[in-house]
Amino acid sequence: MLLTALIVLLAAAPVAEAVPPTPATDAPQVLEAYPVPAQAPFLKRGGSDYRIGRQDLLELKVFDLKELDQTVRVADDGSITLPLLGRLDAAGLTKGELEALIARLLEERFVRNPQVTIFVKEYQSKKVAVSGAVKKPDTYEMLGEKTLLEMISLAGGLDRDLGKEIIIFRPQQDGTQRIAIDLDKLVYEADPTLNVAVLPGDIVYVPAVEKVRIFVTGAVKTPNLYEVPRSEPVTVLKAVTLAGGTTDRASQSKVQIIRTGPDGKRITIAVNLKKVKRGKAEDPILQKDDLVLVPESFF
């Protein structure tokens with residue numbers, strides 16, 4: 001009975017009609033692209049809000065159409081030139097905006113549903129120079145927003161012999177803006193208002209303290225060449241103190257400053273160090289390359 005019922009059901013089933021083959025047409029073949037897999041490595045570089053700039057190096061990929069893949073550099077006028085599409089203005093656009101522009105042009109002329117991806121291989125237009133008293137002075141790519149301290153950190157941090165301020169030189173349409181930042185307040189007092197945002201094209205300059213050479217010789221305990229900050233005036237008494245003070249044989253009333261003038265001639269200035277110590281004589285401020293001579297007393 002079961003076998004007879006199965007045979008009846010098969011006999012009653014409708015037979016599918018054969019579908020005739022689609023006749024060939026002379027219509028041109030249209031290429032069609034499909035979405036790029038999420039794990040594609042070229043999607044991982046650069047941020048979506050990054051705005052393309054002059055001299056940036058771009059890598060263009062159209063999924064499943066290798067013949068359209070290429071690497072181009074943005075020209076000084078902000079444009080790129082692509083096969084099939086010609087010249088396009090790229091500077092100032094985000095990657096997404098440029099991708100959408102290229103996809104629209106390709107779809108209008110050549111490709112159905114093109115999937116265009118761009119990533120920036122070199123960020124030439126978004127660089128900041130950090131120079132002066134930092135450990136690794138160089139020009140650094142600025143990826144995303146950066147503060148002054150972040151740029152200094154990229155440059156290895158601050159070096160020794162710092163001045164009292166950090167200077168940012170910022171290009172403007174009518175010249176260059178000079179922004180001075182108090183170093184002590186920024187670093188040691190941690191004033192957040194001074195940790196300003198750095199912009200592409202800025203030059204961050206950390207001046208090293210300018211030093212003045214002073215020679216101290218004669219009847220002092222450690223005669224030597226001393227370097228002192230120019231911003232901190234050095235007097236004769238301070239110079240002698242730097243040299244360890246006078247010896248027992250020093251003739252403190254006959255100290256001399258030997259100075260070379262602009263014309264190359266030597267000038268000798270007498271200083272009575274005894275009176276200076278008592279506050280009865282002026283303590284002269286030394287100049288660059290002055291020599292302080294403390295003679296010995298022989299009686």
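Among the residues that make up region 202-211, is at least one of them open to solvent by 70 Å² or more (accessible area, probe 1.4 Å), in a loop (DSSP other than H, G, I, E, B) and either among the hydroxyl-bearing types (Ser, Thr, Tyr) or closer than 18 Å to Ser231 by Cα (or both)?
Yes, some residue in region 202-211 is open to solvent by 70 Å² or more (accessible area, probe 1.4 Å), in a loop (DSSP other than H, G, I, E, B) and either among the hydroxyl-bearing types (Ser, Thr, Tyr) or closer than 18 Å to Ser231 by Cα (or both).
Might you let me know whether region 183-195 holds any residue that is part of a strand (DSSP E or B), under 17 Å from the mean Cα position of the chain (by Cα) and not hydrophobic (A, V, I, L, M, F, W, C)?
Among the residues of region 183-195, not one is part of a strand (DSSP E or B), under 17 Å from the mean Cα position of the chain (by Cα) and not hydrophobic (A, V, I, L, M, F, W, C), which makes the answer no.
Does Lys238 qualify as being among the basic types (Lys, Arg) and closer than 26 Å to Asp161 by Cα?
When the stated conditions are applied, Lys238 passes them.
Which one of these is within 26 Å of Glu210 (Cβ to Cβ) and not aromatic (Phe, Trp, Tyr): Ala91, Ala133?
Ala133
Select from region 222-243 the residues that are open to solvent by less than 20 Å² (accessible area, probe 1.4 Å), of a type outside the set (Val, Ile, Thr) and assigned to a helix (DSSP H, G or I) and list them in ascending order.
Residue satisfying the conditions is Ala239 alone.
Starting from region 156-177, take each residue that is open to solvent by less than 40 Å² (accessible area, probe 1.4 Å) and list its partners that are assigned to a strand (DSSP E or B) and polar (S, T, N, Q), counting only C-beta distances under 6 angstrom and pairs at least six apart or across chains.
Note: pairs meeting the criteria are Arg170/Gln177.
Is one or more of the residues making up region 144-153 modelled with pLDDT of 85 or more, among the β-branched types (Val, Ile, Thr) and under 12 Å from the mean Cα position of the chain (by Cα)?
yes
Report the residue count in region 102-157 for those that are charged (D, E, K, R), more than 20 Å from Leu60 (Cα to Cα) and assigned to a helix (DSSP H, G or I).
Residues flagged as charged (D, E, K, R), more than 20 Å from Leu60 (Cα to Cα) and assigned to a helix (DSSP H, G or I) within region 102-157 amount to 1.
Can you confirm whether Thr247 is surrounded by 13 or more Cβ atoms within 10 Å (Cβ to Cβ) and among the β-branched types (Val, Ile, Thr)?
So Thr247 fits the description; yes.
Condition first: open to solvent by less than 60 Å² (accessible area, probe 1.4 Å), basic (Lys, Arg) and either part of a strand (DSSP E or B) or more than 20 Å from Leu225 (Cα to Cα) (or both). Can you find one or more residues in region 259-269 that meet it?
Checked against the condition, which is being open to solvent by less than 60 Å² (accessible area, probe 1.4 Å), basic (Lys, Arg) and either part of a strand (DSSP E or B) or more than 20 Å from Leu225 (Cα to Cα) (or both), region 259-269 yields at least one hit.
Could you check region 127-141 and list, in sequence order, the residues that are over 11 Å from the mean Cα position of the chain (by Cα) and more than 9 Å from Ala155 (Cα to Cα)?
Once the filter is applied, which keeps residues that are over 11 Å from the mean Cα position of the chain (by Cα) and more than 9 Å from Ala155 (Cα to Cα), region 127-141 yields Gly132, Ala133.
Has region 223-230 got any residue that is hydrophobic (A, V, I, L, M, F, W, C) and within 18 Å of Asp283 (Cα to Cα)?
yes
The values are calculated or read from the model by the stated rules, or taken from the named source; none is laboratory data. Not measured: the values here are computed from a predicted model. We place every Cβ from the backbone using ideal geometry, glycine too, and count neighbours over all the protein chains shown. Ligands, DNA and RNA are excluded from the accessible area calculation, which covers all protein heavy atoms including side chains. Shrake-Rupley method; radii C 1.70, N 1.55, O 1.52, S 1.80 Å.
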